[in-house]
1. On a 0 to 90° scale, report how tilted helix 23-45 is relative to the longest principal axis of the chain, with both axes built from alpha carbons and the result rounded to the nearest 10.
2. Got a sec to turn the phi values of the range 74-85 into Karplus ³J(HN,Hα) couplings, 6.51 cos²θ - 1.76 cosθ + 1.60 with θ = phi - 60°, whole Hz, x for Gly and Pro?
3. Whenever you get a sec, compute what percent of the accessible area on the range 20-101 sits on carbon and sulfur atoms (1.4 Å probe).
4. At 1.4 Å probe size, with no ligands or nucleic acids counted, give the accessible surface of residue 23 in Å², nearest ten.
5. Test of understanding: what is the full-extension gain from residue 70 to residue 32, defined as 0.36 nm times their sequence separation minus their Cα-Cα distance?
6. Just the accessible area per residue of the chain, please: how many Å² with a 1.4 Å probe?
7. Based on the mean of other Cβ atoms within 10 Å per residue, sort peptides 87-97, 12-22 so the most packed one is first.
8. Let me check against my output: what whole-number percent is the relative contact order of the chain, with C-alpha pairs under 8 Å and at least 6 apart?
Amino acid sequence: MLEPQPPIVADAVLMHRLAKRDSTALVELERRHRGSLYAQAYGILTDAIAAERVVRDAFAQLWFAATQYTGSESPWTLLRDMARELARAERALRESPIRRR
């Protein structure tokens, strides 16, 4: 017999819970979106460790940004943009002539 499944909570609801510092909301958002964010970061960086760092940092940024969440964009869009910006910054840092020795 199949177990009844709890209803799926929308990402926007999770963001509002996150703004109230509900860490279980962050865990659920991470469970839903970690794989896609990792794929995006890895596509930009082609480095597994750096991609993991970008994903971790994106969720850390989300934790702090949640209190200013207005709902004008989806949580996925917010996370995707954060991860993309972090990955591009990491790539630019790697490609910087100042960093090369």
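1. Once rounded, one gets 30 degrees.
2. For the range 74-85, the Karplus curve yields 6, x, 4, 4, 4, 4, 4, 5, 4, 5, 4, 5 Hz.
3. So the carbon and sulfur contribution to the accessible surface is 54 percent.
4. Counting only protein heavy atoms, the figure is 70 Å².
5. Values: separation 38, 0.36 × 38 = 13.68 nm, distance 2.07 nm.
Extending this stretch completely gives an extra 11.6 nm.
6. Numbers: 6760 Å² over 101 residues.
Heavy-atom accessible area per residue stands at 67 Å².
7. 12-22, 87-97
8. 32 percent
The values are calculated or read from the model by the stated rules, or taken from the named source; none is laboratory data. For clarity, every value in this text was computed on a predicted model and none was experimentally measured. Here the Cβ is made from the backbone with ideal geometry for all residues, glycine too, and neighbour counts use every protein chain on show. We work out accessible area using only protein heavy atoms, side chains counted, and drop any ligands, DNA or RNA first. Shrake-Rupley method; radii C 1.70, N 1.55, O 1.52, S 1.80 Å.
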